[in-house]
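The values are calculated or read from the model by the stated rules, or taken from the named source; none is laboratory data. Since we're looking at a predicted model, the values are computed, not measured. Cβ placement follows ideal geometry from the backbone for every residue including glycine, while neighbour counts extend to all protein chains displayed.
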């Protein structure tokens with residue numbers, strides 16, 4: 001174990017797209033666990049779209065000059081409580097740092113499933129997978145044979161939503177992505193039936209070509225023009241699942257999408273957003289759904305892994321630029337598999 005710890009601090013509030021200059025790495029001695037707590041050496045870090053929102057001056061956002069928060073998996077390396085034995089692998093939210101002191105109330109013990117890597121607890125079995133699962137089963141209440149449109153389909157939630165939807169018996173699966181290469185990957189590897197590059201023209205036209213008969217459910221990770229297009233494409237009793245608005249995170253003052261509000265009434269549509277933290281009681285249900293399918297190979301992990309904590313800011317900015325396919329995860333160099 002190293003003798004020093006690194007943490008990432010936000011230094012200023014961004015106006016528009018953030019840069020590396022909005023962050024700094026701070027070095028300090030290893031924190032000492034107080035009585036009743038333990039020291040965790042972090043091994044895997046999640047960087048997520050919601051972190052961009054937290055960079056702004058919003059309630060509950062990141063404090064300037066303080067360690068940032070984020071989903072993390074780590075190993076207990078020193079403990080002053082029998083409830084957190086050394087060597088235990090835990091999930092906690094004190095990310096964006098190499099080491100953290102935690103109490104038993106601040107962690108979640110991770111069950112170990114044969115053949116399932118630790119990265120899965122930050123992707124398919126973590127907040128990303130839980131978001132997709134809740135969106136499909138509780139918000140959309142997806143029925144077998146229903147057709148879906150998923151925006152930002154190549155991201156972590158988008159790829160997981162696609163795979164889960166197929167396993168739940170969805171019909172035609174349509175997505176949007178940021179490049180032709182991503183579109184091809186989604187159709188070849190993830191199971192999407194049609195994917196368009198949203199740069200290629202007006203979203204309504206592109207969606208109309210990809211789903212000429214409309215869709216039943218829209219899982220919205222983007223907002224903006226694609227939300228407006230989806231409202232027009234939804235069939236009677238269609239549902240919009242609002243997950244995120246990444247198209248507006250870096251463009252403050254962007255106007256809301258314009259669509260025919262009469263559609264909401266005339267087609268009996270329902271639009272609902274949610275926060276995954278309000279559905280943590282479904283974690284075990286997610287394990288029951290996903291783990292056997294991961295073990296059998298019916299469900300695959302979609303992950304972009306970046307090696308080295310020193311690259312966590314680059315990974316975050318790359319995610320905002322859409323450079324990843326699937327969930328982006330930062331991995332400590334000690335966890336990189338050796339080449340035999």
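Can you report the number of residues in the stretch 261-313 which are closer than 24 Å to residue 182 by Cα, outside any loop (DSSP other than H, G, I, E, B), touching a residue at least 24 places away in the same chain (Cβ under 8 Å) and touching a strand residue (DSSP E or B) at 6+ places or on another chain (Cβ under 9 Å)?
Number of matching residues: 7.
Taking residue 321 as the residue in question, decide whether it is under 25 Å from residue 186 (Cβ atoms), modelled with pLDDT of 90 or more and surrounded by fewer than 19 Cβ atoms within 10 Å (Cβ to Cβ).
Criteria met by residue 321.
Hey, any hits in the stretch 44-52 for a residue that's within 14 Å of residue 109 (Cα to Cα), at pLDDT 95 or above, in the same structural domain as residue 19 (by TED's automatic domain parsing) and crowded, with 18+ Cβ neighbours inside 10 Å?
Taking every residue of the stretch 44-52 in turn, none turns out to be within 14 Å of residue 109 (Cα to Cα), at pLDDT 95 or above, in the same structural domain as residue 19 (by TED's automatic domain parsing) and crowded, with 18+ Cβ neighbours inside 10 Å.
Exactly one condition in (1) farther than 17 Å from residue 221 by Cα; (2) buried (at least 19 other Cβ atoms within 10 Å of the Cβ) is false for residue 327; which is it?
Every listed condition holds for residue 327 apart from (1).
Looking only at residues that are in a helix (DSSP H, G or I) and out of contact with any strand residue (DSSP E or B) (no Cβ under 6 Å at 6 or more places or on another chain) in the stretch 314-326, which one is farthest from residue 165 (Cα to Cα)?
Selected residue: 314.
Per-residue answers, yes or no, for (1) surrounded by fewer than 16 Cβ atoms within 10 Å (Cβ to Cβ); (2) touching a residue at least 60 places away in the same chain (Cβ under 8 Å); (3) at positive phi:
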| position | (1), (2), (3) |
| --- | --- |
| 84 | no, no, no |
| 152 | no, yes, yes |
| 155 | no, yes, no |
| 173 | no, no, no |
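When the residues of the stretch 56-82 are narrowed to those that are more than 21 Å from residue 30 (Cβ to Cβ) and in contact with a strand residue (DSSP E or B) (Cβ under 7 Å, 6 or more places away or on another chain), which ends up surrounded by the fewest Cβ atoms within 10 Å (Cβ to Cβ)?
64
Yes/no matrix, rows are residues, columns are (1) surrounded by fewer than 16 Cβ atoms within 10 Å (Cβ to Cβ); (2) more than 17 Å from the chain's Cα centre (by Cα); (3) at pLDDT 95 or above:
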{"residue": "234", "(1), (2), (3)": "no, yes, yes"}
{"residue": "240", "(1), (2), (3)": "no, yes, yes"}
{"residue": "252", "(1), (2), (3)": "yes, yes, no"}
{"residue": "264", "(1), (2), (3)": "no, yes, no"}
{"residue": "272", "(1), (2), (3)": "yes, yes, yes"}
{"residue": "291", "(1), (2), (3)": "no, yes, yes"}
{"residue": "304", "(1), (2), (3)": "no, no, yes"}
{"residue": "339", "(1), (2), (3)": "yes, yes, no"}
